[in-house]
Amino acid sequence: MADGPRVGLVVDEVDFPIEEGKVREFTLAVGDRANVTVPLTFATVAGHWRDQAAMVELLGLDLPRIVVGGSEWEYHAPVAVGDRLRGQRVVKAITERQGGRGPMTIIALETRLHRGDGQLSIVQRDTVIEVAA
C-alpha cells in the first residue's frame, strides 16, 4: 500500500439533485407512506451518483479483498425537493491492523454534503477495509 492513498486525498466529487420522483420511490421502498419530507436516509442515494470502481482504482485497492466496514451520517440541515447536494469524498485516516488472516488496511472516508445555498446538510463517513490476500 506504499503507493496507495494518503490522508487528505480527494477521492471524488458528487453533485446530485433531490428529485421529487426519486424521493417518492425511496420513501415507498423504505415504507414511509406519509412521504411528507425528504427522509434523512435519502443521503444514501449519493452512492448511485459516484463511480465506485474509480474509487477502488484510485485508492489502489484489490476489489475481491474489500469489505465495507460501516457507514454513518450526521445531519446538520434539512434537505428539500429541488435542492442539490454537492460534496467531496476525502480520505480522513488510514490505519493498518493485524486481522485473523493477516494485515488489514482500514481507510476512513468523509463526504461533507452541502445544499445549493452552501449550507452544510449532511456529513457521511464510510470505512473501507482491505483484508489480507
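For the reader, a short list of remarks on this structure follows.
- Rounded to the nearest 20, the size of the Cβ-charge dipole of the chain about its Cα centre is 240 debye, with Lys and Arg at +1 and Asp and Glu at -1.
- Centre-to-centre separation between the Cα atoms of the stretch 71-92 and those of the stretch 97-133: 14 Å.
- Over the stretch 3-133, relative contact order from alpha-carbon pairs under 8 Å, at least 6 apart, %: 31
- Computed 3J(HN,Hα) for the stretch 103-120, one whole-Hz value per residue from the Karplus formula 6.51 cos²θ - 1.76 cosθ + 1.60 where θ = phi - 60°, is x, 10, 10, 10, 10, 9, 10, 9, 10, 9, 9, 10, 6, x, 7, x, 5, 5, glycine and proline marked x.
- Compared with the direct C-alpha span, the chain from Arg84 to Val56 gains 7.5 nm at full extension, assuming 0.36 nm per residue.
- Option label - P(r) over Cα pairs in 10 Å bins from 0, in percent computed here, alternatives [x] 13, 51, 34, 2; [y] 12, 43, 35, 9, 0; [z] 12, 39, 29, 16, 4, 0: [z]
- Axis angle, to the nearest 10 degrees, between helix 20-29 and the longest C-alpha principal axis of the chain: 70 degrees.
- Per atom type, the chain shows carbon and sulfur on 52% of its accessible surface, probed at 1.4 Å.
- Remark: the chain carries 58 Å² of accessible area per residue (probe radius 1.4 Å; ligands, DNA and RNA excluded).
- FRET efficiency, Leu9 to Leu40 (Cβ-Cβ, R0 22 Å, nearest 0.05): 0.20
The values are calculated or read from the model by the stated rules, or taken from the named source; none is laboratory data. Every value quoted in this text rests on a predicted model; they were computed, and no experiment measured them. For neighbour counting, all protein chains shown are included, and Cβ atoms are generated from backbone atoms with ideal geometry for every residue, glycine included. The accessibility values were calculated without ligands, DNA or RNA, using every heavy atom of the protein model including side chains. Shrake-Rupley method; radii C 1.70, N 1.55, O 1.52, S 1.80 Å.
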